[in-house]
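Encoded as structure tokens, the structure appears first; notes follow it.
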Amino acid sequence: MLIDKEKIYLSLAHMSGNEQKYINEAFETNWITPLGPNVDAFEIETASFVGVKAAVAVSSGTAAIHLALQLLDVGPDDRVFCSTLTFVASANPILYQGAEPVFIDSEPETWNMSPQALERALKEAAIEGKLPKAVIVVHLYGQSAKMDEISYLCNKYNIPIIEDAAESLGSTYKGKASGTMGTFGIYSFNGNKIITTSGGGMLVSNNRDAIEKARFLATQAKDSAPYYQHSIMGFNYRMSNILAGIGRAQLEVLNERVRDRRAIFDYYYQKLSNLPGITFMNELKDTQSNRWLTTILVEEKDAGISCESLLKNLSEENIEARHVWKPLHLQPLFKGTAYYSHSENENVAELLFEKGICLPSGSGMTKEQQERVINFILNIIKVRV
Ligand SMILES: *Cc1c(COP(=O)(O)O)cnc(C)c1O
């Protein structure tokens with residue numbers, strides 16, 4: 001192990017410098033609470049940035065998905081369709097509700113939900129009389145899913161869409177902000193995301209009443225009474241006024257962060273895309289990805305090295321790279337869960353998992369750090385082919 005080499009991380013928090021100002025304001029006014037002026041402002045500023053009517057700041061992206069399912073009245077015996085190639089947080093809230101997840105494969109162009117797999121799943125569910133209560137569509141690593149095709153199918157069967165835009169804040173699809181095309185959209189401000197509050201999330205919608213209800217549910221569902229009265233079950237999911245202060249400063253630099261991450265992608269692409277056996281995640285036509293993480297596929301027979309060995313080599317060089325998400329239908333947690341592949345003999349997400357690597361992509365990376373990763377990969381692959 002070359003432990004003398006400085007570690008290059010996958011994606012680190014990148015502060016703008018203004019965070020302290022909003023935190024100080026909170027301290028000076030003693031708003032050290034969940035709720036408060038930073039929370040209200042962060043919600044309004046985020047809603048206006050992405051162009052939706054309403055937003056509620058919550059404690060995590062996972063909490064935002066959970067609230068969306070609760071608002072759509074998902075319960076035991078209900079089904080929810082979900083992208084299979086994603087982080088477990090996309091689907092855990094389905095289990096919180098006691099509902100049944102059904103996983104939908106990726107398609108090769110975007111790596112996101114396959115419209116043809118979704119169509120088959122919907123057709124079969126309609127025949128069985130068990131259509132899902134919601135479809136959770138993930139925009140992986142900033143790349144937009146094929147929303148026109150997916151929306152068309154969901155509209156046809158009248159199924160609401162929850163966009164899991166945890167990784168795609170700042171991305172656009174045909175001019176629309178990622179997360180604003182479904183009935184609900186969710187963002188995450190976890191430490192490794194494109195902007196962060198250290199931990200937090202946001203639920204957005206054009207349905208103001210639904211967001212009001214989410215705000216009520218996220219605040220222990222406290223009735224408006226002169227004492228603590230509760231008629232239904234709620235949650236403690238609100239964001240603190242301190243963290244919302246960090247979020248406000250981060251939102252101010254979101255466009256810069258997108259620009260920086262896209263530049264990192266471009267640099268990797270320029271230097272590595274001609275290597276045999278290395279291909280990059282596309283960008284779908286008429287969309288702009290925030291390029292949260294630069295991801296490549298390694299074809300062992302052409303590159304002379306497997307994805308697994310390349311990751312091991314990178315790690316020995318103190319460079320943090322990761323496998324692409326392990327598909328949820330392959331997770332022990334979801335053993336036996338229904339799954340619809342892209343086509344009868346094409347399991348796209350499984351192939352992407354086998355060959356996919358996320359490269360260090362933090363917006364705070366220096367040019368020298370990017371070059372260290374690039375040169376290391378160039379050397380490894382060049383000596384083998
Ligand atoms: C990070 C992430 C989440 C969860 O967000 P948290 O804020 O960590 O709860 C959900 N879905 C995807 C795709 C993510 O990457």
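The values are calculated or read from the model by the stated rules, or taken from the named source; none is laboratory data. No experiment lies behind these values; they were computed from the predicted model shown. Here the Cβ positions follow ideal geometry from the backbone for every residue, glycine too, while neighbour counts run over all protein chains shown. What goes into the accessible areas is simple: the full protein's heavy atoms, side chains included, and nothing from ligands, DNA or RNA. Shrake-Rupley method; radii C 1.70, N 1.55, O 1.52, S 1.80 Å.
Within the stretch 160-169, which residues are more than 14 Å from the ligand (Cβ to nearest atom) and over 15 Å from Asn112 (Cβ atoms)? Matches in the stretch 160-169: Pro160 only.
One residue is enough: does the stretch 148-158 have a residue meeting the conditions open to solvent by less than 10 Å² (accessible area, probe 1.4 Å) and among the acidic types (Asp, Glu)? For the stretch 148-158, residues open to solvent by less than 10 Å² (accessible area, probe 1.4 Å) and among the acidic types (Asp, Glu): absent.
Inside the stretch 218-256, can you point out the residues that are over 19 Å from Ala63 (Cβ atoms), open to solvent by less than 10 Å² (accessible area, probe 1.4 Å) and within 20 Å of the chain's Cα centre (by Cα)? Leu254 - this is the single residue of the stretch 218-256 that is over 19 Å from Ala63 (Cβ atoms), open to solvent by less than 10 Å² (accessible area, probe 1.4 Å) and within 20 Å of the chain's Cα centre (by Cα). Selection within the stretch 332-367: residues that are acidic (Asp, Glu) and closer than 23 Å to Thr279 by Cα. The member of this set that is farthest from the chain's Cα centre (by Cα) is Glu346.
Scanning the stretch 259-277 for residues that are out of contact with any Lys or Arg (no Cβ under 6 Å at 6 or more places or on another chain) and open to solvent by less than 10 Å² (accessible area, probe 1.4 Å) returns Ile264, Tyr268, Leu272. Filtering the stretch 3-59 to residues that are assigned to a strand (DSSP E or B) and either of a type in the set (S, T, N, Q) or open to solvent by 60 Å² or more (accessible area, probe 1.4 Å) (or both) leaves only Pro34.
When only residues in the stretch 324-358 that are among the aromatic types (Phe, Trp, Tyr) and in contact with a Leu (Cβ under 6 Å, 6 or more places away or on another chain) count, which is least open to solvent (accessible area, probe 1.4 Å)? First the steps, then the outcome.
Our first condition is that a residue be among the aromatic types (Phe, Trp, Tyr); within the stretch 324-358, this holds for 325, 334, 339-340, 353.
Add one more test, that the residue is in contact with a Leu (Cβ under 6 Å, 6 or more places away or on another chain), and what stays is 325, 334.
Details: Trp325: 65, Phe334: 4 Å².
Looking at residues that are among the aromatic types (Phe, Trp, Tyr) and in contact with a Leu (Cβ under 6 Å, 6 or more places away or on another chain), I get Phe334.
Given the structure, is Leu243 farther than 26 Å from Met147 by Cβ and in contact (Cβ under 8 Å) with a residue 24 or more places away in the chain? Yes. Tallying residues that are within 12 Å of the ligand (Cβ to nearest atom), buried (at least 24 other Cβ atoms within 10 Å of the Cβ) and free of Cβ contacts under 8 Å to residues at least 60 places away in the same chain within the stretch 60-101 yields 1.
I'd like the full set of residues that are near the ligand (Cβ under 10 Å from one of its atoms) and either of a type in the set (D, E, K, R) or not in a loop (DSSP other than H, G, I, E, B) (or both), limited to the stretch 174-198.
Ile186, Tyr187, Ser188, Asn190, Lys193
Looking at Ala145, Ala166, Ala177 in this structure, which one is touching a residue at least 40 places away in the same chain (Cβ under 8 Å), surrounded by fewer than 24 Cβ atoms within 10 Å (Cβ to Cβ), among the aliphatic types (A, V, I, L, M) and under 21 Å from Ala68 (Cα atoms)?
Ala177
The residues of the stretch 181-205 that are β-branched (Val, Ile, Thr) and buried (at least 24 other Cβ atoms within 10 Å of the Cβ), listed by number, are Ile186, Ile194, Ile195, Thr197, Val204. Of the residues making up the stretch 116-147, those that are more than 19 Å from the chain's Cα centre (by Cα), part of a helix (DSSP H, G or I) and of a type outside the set (A, V, I, L, M) are Gln116, Glu119, Arg120, Lys123, Glu124, Glu128.
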